[in-house]
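The values are calculated or read from the model by the stated rules, or taken from the named source; none is laboratory data. Remember, it's a predicted structure, so these values are computed and weren't measured experimentally. Cβ atoms come from the backbone with ideal geometry, glycine included; neighbour counts cover every protein chain shown. When the accessible area is computed, the model is the full protein with side chains, heavy atoms only, and any ligands, DNA or RNA have been set aside. Shrake-Rupley method; radii C 1.70, N 1.55, O 1.52, S 1.80 Å.
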Amino acid sequence: EEIQEVGALTDGFHLVIDALKLNDINTIYNVPGIPITDLGRYMQAAGMRVLSFRHEQNAGYAAAIAGFLTQKPGICLTVSAPGFLNGLTALAHATTNCFPMILISGSSEREIVDLQQGDYEEMDQLAIAKPLCKAAYRILHVEDIGIGIARAIRAAVSGRPGGVYLDLPAKLFPQVMDAEAGAKSLVKVIDAAPRQLPAPESVERALDVLKNAKRPLMILGKGAAYAQADDAIRALVEKSGIPYLPMSMAKGLLPDTHPQSAGAARSLVLKESDVVMLIGARLNWLLSHGKGKTWGDQPKKFIQVDIEPKEMDSNVEIAAPVVGDIGSCVHALLDGMGNNWAPPPSAWIDEISDKVETNITRMAPRLQNKNVPMDYHGALGALRTIIKDRPDTILVNEGANTLDFARSIIDVYRPRKRLDVGTWGVMGIGMGTAIAAAVETGHPVLAVEGDSAFGFSGMEIETICRYNLPVCVVIFNNGGIYRGSGVNPGGGSDASTTVFVKDARYDKMMEAFGGVGVHATSPDELSRAVNAAMDSGKPTLVNAVIDENAGTESGRIGNLNPQSVVSRK
Ligand code: ADP
Ligand code: MG
């Protein structure tokens with residue numbers, strides 16, 4: 001016994017686990033296989049929550065959104081070469097969206113890979129990952145596991161968050177070392193994302209610009225949602241009296257029904273504002289790069305609050321850059337405003353309120369329509385009421401029309417309750433996002449999915465059933481990509497490139513895995529099914545039949561489709 005104590009050994013498997021646990025990382029989004037199958041088992045044995053997916057891309061999307069929700073890096077664990085490549089889409093997505101995530105992939109023998117001698121799943125993964133993430137590291141020696149994992153964590157969460165790749169060659173796992181020395185080699189990351197205070201003069205400059213505005217506007221982005229400075233942001237909005245526009249994942253930071261929300265007057269405020277303060281939102285394509293028709297002729301000054309200095313002037317001149325973490329910046333702005341900040345001119349406020357009211361009143365009857373087959377408004381009107389009644393529900397949303405309509409129709413009432421396609425506008429995030437949302441928060445999840453979007457991650461409904469997660473998936477089934485009514489322009493027997501099997505019954509897939517499947521053809525049926533799912537917490541899939549003619553090509557971004565002048569559609 002004594003001999004064993006003196007000579008006790010640890011190995012790569014166990015040090016990876018100990019290093020993660022030491023840093024409060026306890027959840028892993030995983031797809032097992034050589035060389036990380038046993039790692040997953042040992043993790044589970046050590047009390048970690050290891051969720052095994054059916055495809056790495058979905059495990060990766062889960063990890064990415066876990067990072068957004070928790071401010072800790074979400075971990076995706078994959079096998080080498082193909083598994084790694086599958087996870088890479090999500091790693092790049094995390095980096096693009098500024099979500100902290102670590103993709104940990106097993107890899108093959110370095111000696112063979114580097115001489116390109118044809119190993120099992122041979123691939124120079126580190127080199128491939130590098131351009132797609134914030135940082136990429138490889139650990140070759142068991143003694144370096146502690147420092148390697150610490151580096152990965154800090155790189156993911158500090159400054160502008162993003163994706164990190166960590167390469168763990170198969171040979172690392174069985175390497176042994178003295179257990180005591182191993183324990184000492186671990187590193188607990190201290191203050192992984194330190195506050196970054198804005199320069200006082202930048203705060204003063206921003207307040208000067210804001211003070212002189214006649215038609216000010218604030219735009220809250222998902223960086224503001226990520227920052228978890230919810231009370232301070234609300235205080236800033238309310239103390240300033242400035243109307244605000246939430247970007248899609250910032251909806252709910254203040255309830256969408258807030259009197260200062262200009263959500264229903266988006267076109268007006270973008271065009272007519274004279275000073276725009278961006279908080280954790282980028283002037284990328286989602287905001288038409290801050291120029292052009294969307295922004296009107298009115299000269300504008302931009303104030304931008306962001307942790308990334310290089311973001312400033314990326315598209316247009318930023319009159320007042322405020323660089324720092326959002327919590328610190330917003331507190332500094334609040335302090336600088338003092339106690340008698342004058343609200344914006346009432347003409348501006350009234351103009352916006354009128355527009356908001358007109359648009360909401362015009363929309364209301366459409367949301368109550370009971371058409372069969374359902375259109376987007378009738379179906380989303382039903383779901384809108386459910387979210388209103390159950391504001392803790394996390395709404396996951398993807399598709400083309402399903403995304404665009406749901407974003408504007410479904411009000412969100414609490415921070416980080418709307419998770420969607422993010423910066424790329426990409427499809428495929430659905431089931432991975434829904435799973436992580438349920439796992440990380442314990443709240444019920446409502447995933448509103450276009451039928452095409454769902455297809456990218458549909459197999460994960462088995463994962464949802466296996467872990468018995470409180471996820472209700474609603475598929476807006478119009479039988480195709482954009483719509484289900486296309487015909488083959490070549491006249492052949494193949495279906496059009498954009499249509500699926502007609503009258504598909506996705507609900508039966510759910511039943512195959514022991515979940516609840518419902519076929520809903522009217523807003524009332526849809527409403528009943530979703531409420532039942534929310535009450536029971538049982539994995540549920542509702543096949544919501546939508547008119548195959550409803551919807552438009554590419555939803556609201558049809559203008560991004562290049563047009564042929566030679567052969568017109
Ligand atoms: P949206 O798509 O909602 O407009 P973006 O992803 O374009 O949001 O912008 C988010 C911005 O928030 C990024 O520029 C990022 O650097 C910034 N950001 C993320 N986290 C923080 C933080 N804690 N403090 C300050 N800025 C942050
Ligand atoms: Mg469709």
Inset, instruction - Please find, within the stretch 300-317, the residue that is nearest to ligand 1 (Cβ to nearest atom) out of those that are in a loop (DSSP other than H, G, I, E, B), out of contact with any Asp or Glu (no Cβ under 7 Å at 6 or more places or on another chain) and over 23 Å from Ala156 (Cα atoms). - result: Asn315
Legend entry - helices (runs of 4 or more DSSP H) contained entirely in the stretch 366-468, each with at least 3 residues that are more than 16 Å from ligand 2 (Cβ to nearest atom) and not polar (S, T, N, Q): 376-389, 430-441, 461-466
Legend entry - Among the residues listed as Ala382, Ala437, the single one being among the small types (Gly, Ala, Ser), in contact with a strand residue (DSSP E or B) (Cβ under 7 Å, 6 or more places away or on another chain) and modelled with pLDDT of 95 or more: Ala437
Legend entry - Pair list, Cβ < 8 Å and 6+ apart or interchain, from the stretch 342-371 residues that are within 17 Å of Ile410 (Cβ to Cβ) to residues that are at pLDDT 95 or above and open to solvent by 70 Å² or more (accessible area, probe 1.4 Å): Leu367/Arg384
Legend entry - Every residue from the stretch 31-52 that is assigned to a helix (DSSP H, G or I) and open to solvent by 20 Å² or more (accessible area, probe 1.4 Å): Thr37, Asp38, Arg41, Tyr42, Gln44, Ala45
Inset, instruction - Would you mind telling me which numbered condition in (1) of a type in the set (Val, Ile, Thr); (2) away from ligand 1 (no atom under 16 Å from the Cβ); (3) farther than 13 Å from Pro539 by Cβ Thr433 fails? - result: (2)
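Go through the stretch 134-176 and give me each residue that's among the small types (Gly, Ala, Ser) and outside any strand (DSSP E or B). If you could, list the steps in order and put the result at the bottom.
Kept after step one, since they are among the small types (Gly, Ala, Ser), are these residues of the stretch 134-176: 135-136, 146, 148, 150, 152, 155-156, 158-159, 162-163, 170.
Listed by number, the residues that qualify are Gly146, Gly148, Ala150, Ala152, Ala155, Ala156, Ser158, Gly159, Gly162, Ala170.
Can you find a residue that is under 25 Å from the mean Cα position of the chain (by Cα) and within 20 Å of Leu253 (Cα to Cα) anywhere in the stretch 331-350? Reasoning before the result, please.
Initially, the stretch 331-350 is screened for residues under 25 Å from the mean Cα position of the chain (by Cα), giving none.
The answer is no, given that none of the residues of the stretch 331-350 is under 25 Å from the mean Cα position of the chain (by Cα) and within 20 Å of Leu253 (Cα to Cα).
Does the stretch 53-88 hold any residues that are open to solvent by 30 Å² or more (accessible area, probe 1.4 Å) and in contact with a Pro (Cβ under 8 Å, 6 or more places away or on another chain), and which are they?
First, pick out the residues of the stretch 53-88 that are open to solvent by 30 Å² or more (accessible area, probe 1.4 Å): 54-55, 57, 70-72, 82, 85-86.
Of everything in the stretch 53-88, those that are open to solvent by 30 Å² or more (accessible area, probe 1.4 Å) and in contact with a Pro (Cβ under 8 Å, 6 or more places away or on another chain) turn out to be Gln71, Lys72.
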Inset, instruction - Tell me, please, whether a residue that is surrounded by fewer than 18 Cβ atoms within 10 Å (Cβ to Cβ) and either within 13 Å of Ile546 (Cα to Cα) or among the β-branched types (Val, Ile, Thr) (or both) can be found in the stretch 514-522. - result: yes
Inset, instruction - For Ala453, state whether it is closer than 24 Å to Gln57 by Cβ and open to solvent by 60 Å² or more (accessible area, probe 1.4 Å). - result: no
Inset, instruction - Tally the residues that are polar (S, T, N, Q) and either within 16 Å of ligand 1 (Cβ to nearest atom) or part of a helix (DSSP H, G or I) (or both), restricting the search to the stretch 531-551. - result: 2
Inset, instruction - Answer yes or no: is there a residue in the stretch 484-500 that is away from ligand 1 (no atom under 16 Å from the Cβ), modelled with pLDDT of 95 or more and buried (at least 24 other Cβ atoms within 10 Å of the Cβ). - result: no
Legend entry - Qualifying position, being open to solvent by 30 Å² or more (accessible area, probe 1.4 Å) and free of Cβ contacts under 8 Å to residues at least 24 places away in the same chain, among Pro131, Pro200: Pro131
Inset, instruction - From the list Lys508, Lys502, pick out the single residue that is of a type in the set (Lys, Arg) and in a loop (DSSP other than H, G, I, E, B). - result: Lys502
